[in-house]
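Only one structure is covered here, and it is reproduced in the block below.
The values are calculated or read from the model by the stated rules, or taken from the named source; none is laboratory data. These numbers come from a predicted model, not from an experiment. So basically every Cβ, Gly included, is an ideal-geometry build from the backbone, and we count neighbours across all protein chains shown. We work out accessible area using only protein heavy atoms, side chains counted, and drop any ligands, DNA or RNA first. Shrake-Rupley method; radii C 1.70, N 1.55, O 1.52, S 1.80 Å.
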Amino acid sequence: MSPATRAERAHETREAILDAAERLFAAHGVGEVSNRQISEAAGQGNHFAVGYHFGTKAGLVRALVRRYTVELEERRLRLLEEIGASGDLRDWVSCLVRPATDHLDALGVASRRAQCMAQINTVPALRQIVIDESAATPSMRATLDGMLRLLPGLPEQVRQERAGMSRLLLVHALAERERALNEGEPTASTTWDAAATGLIDALTGLWLAPSTTRTDH
């Protein structure tokens with residue numbers, strides 16, 4: 001077997017493992033799924049295939065997150081180029097939302113990707129992997145910088161709180177819509193495009209909401 005063929009087969013095996021992990025994590029949660037179950041679901045006779053290709057469970061999760069963020073990065077960079085130096089906060093919020101909704105739309109109704117990301121976010125140690133991987137991309141840094149440039153009077157504590165609220169709303173709203181589509185249930189929005197518009201409205205309102213002066217005890 002040539003080196004090129006070996007590399008191609010290794011890539012195919014990794015993708016099969018990632019696909020299987022995505023489905024199983026979405027359905028059962030990260031902590032309830034063993035590496036052996038993932039290997040079997042990926043059609044691998046070697047029950048140690050996950051460890052061989054990804055090392056630890058955290059390594060597998062990081063690979064899942066990176067596969068997702070790579071897709072979003074390309075879409076977000078295109079949106080950033082379109083909005084330029086916009087002074088409309090809604091344009092910047094759309095750069096947070098639409099890369100994800102467009103990607104999920106392209107995957108189709110069989111996708112479990114948003115649900116997998118939501119399950120990963122329920123585990124504190126793994127949630128940090130998601131935050132680190134997504135915040136490190138050039139497009140995300142540019143998007144957040146553009147948003148905060150338009151919110152100069154917002155206290156740092158409030159910024160951090162609303163960033164967390166935004167992340168939770170986006171992650172779980174996407175996962176819930178994807179789950180409903182998987183199960184043939186009705187959804188509030190008939191298309192991913194309409195769902196994106198609703199999320200952009202909600203998130204823009206969240207960031208522009210008044211900030212009450214308070215004293216933490």
Please report, in cubic angstrom per residue, the volume enclosed by the convex hull of the alpha-carbon atoms of the stretch 65-217. 125 Å³
What are the ³J(HN,Hα) couplings of the stretch 180-192, residue after residue, when phi is run through the Karplus curve with 6.51, -1.76, 1.60 and θ = phi - 60°? Round to Hz, x for glycine and proline. 4, 5, 4, 9, x, 8, x, 10, 4, 10, 7, 9, 5
Residue-normalised accessible area of the chain, expressed per residue, 1.4 Å probe, Å²: 53 Å²
For the stretch 13-145, calculate the relative contact order in percent as a whole number, restricting contacts to Cα pairs under 8 Å that are 6 or more residues apart. 31 percent
Carbon and sulfur atoms: what percent of the 1.4 Å accessible area of the stretch 111-207 do they account for? 60 percent
Please give the length that would be gained between V158 and I83 if that part of the chain were fully extended, namely 0.36 nm times their separation in residues minus their C-alpha to C-alpha distance (nm, one decimal). 24.4 nm
Can you tell me which of 137-148, 121-132, 12-23 comes out highest on packing, and rank the rest after it, using the mean Cβ neighbours within 10 Å? 12-23, 137-148, 121-132
Carbon and sulfur atoms: what percent of the 1.4 Å accessible area of the stretch 1-109 do they account for? 50 percent
Cα-Cα pairs above 12 Å in the stretch 170-217: how many percent? 70 percent
In nanometres, the difference between 0.36 nm per residue of separation and the alpha-carbon distance of A58 and E185 is 42.5 nm
Counting only Cα, what are the radius of gyration and maximum Cα-Cα distance Dmax of the stretch 29-115, in Å? 17.3, 55
Give the distance, in whole Å, between the Cα centre of the stretch 1-73 and the Cα centre of the stretch 84-153. 23 Å
Given R₀ = 41 Å, FRET efficiency for V109-T213 by Cβ-Cβ distance, to 0.05? 0.30
